[in-house]
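Below: the structure, in structure tokens.
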Amino acid sequence: MLNCNSVTLIFNVATLLTSCFFLKANVSFFSLLTHHPSVQMEIINKHNDLRRMTNPRASNMLKMNWNAEVAKNAEKWANRCTLSHSSRIANCGENLFMSSAPLPWSHIIQVFYDEVKNFKYGVGDIRSNSKTGHYTQLVWATSHEIGCALAHCPHKHLSYFYVCHYCPEGNNINTKKTPYKKGKPCGDCPNHCDNGLCMCDLGKEFGCDINIIKENCKATCRCSSEIK
């Protein structure tokens, strides 16, 4: 049986979209909670798969990793059931999704990415009313840590509230038309590559007080403001 579920995406105060999804089967709310390692892996793998698919390809795209503290902050906001953006998160971006029924995380993330149809690399939005902020945050090259959460808000019509936080934040207004550097995959990190995505884990292993790590692992060393 096919079910039609009302959904809403928000990226900023001016952005509100509604559409309809058809799914062959419902999923349970509890199976989507992000304390499950399998759900975390689904979210991370889906993001990384999509980050490998950019057109043109990216030479500096970092591999996404799960961050429990970032997820905790996303959960705190989701549980408030405001169905709106949180106050500014220093150094972290935010994608939101609302639905009247629980939907798989992979579907949610795909919807974020599908805004690519309204985006042209180097140009930006292809129409004046295009909405592309979810897509550009998802493929922002230097955003490399993520935490997501889902809340059930039964008093709301759109009662399932999905929140993802991305660190460091993307969508810098000055470079939003080029969310990554185009080129051969891993062209900027040929010695630290995982299937087309760059990795830089030395900051986690040795800390960021060492100058050579601070200079060469900038992305790893920048995501600290939300991790408290």
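Some values worked out for this structure:
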| item | result |
| --- | --- |
| Difference of contour (0.36 nm per residue) and Cα-Cα distance, S106 to S130 | 6.4 nm |
| Ascending count of other beta-carbon atoms within 10 Å, so fewest first, for M53, M98, M199 | M53, M199, M98 |
| Exposure proxy ranking, count of Cβ atoms within 10 Å, fewest first, for L103, L138 | L103, L138 |
| Unsatisfied cross-links (Cα-Cα over 24 Å) in the set K72/K176; K72/K120; K117/K182 | K72/K176; K72/K120 |
| Anisotropy class of the range 97-151 from Cα gyration tensor, a/c 1.5 cut | oblate |
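Quick note: the coordinates plus some simple rules give every number you see, no bench work behind them. Fair warning: this is a prediction, and the values are worked out from it, not measured in the lab. Using ideal geometry, Cβ is built from the backbone for each residue, glycine included, and neighbour counts are taken over all protein chains shown.
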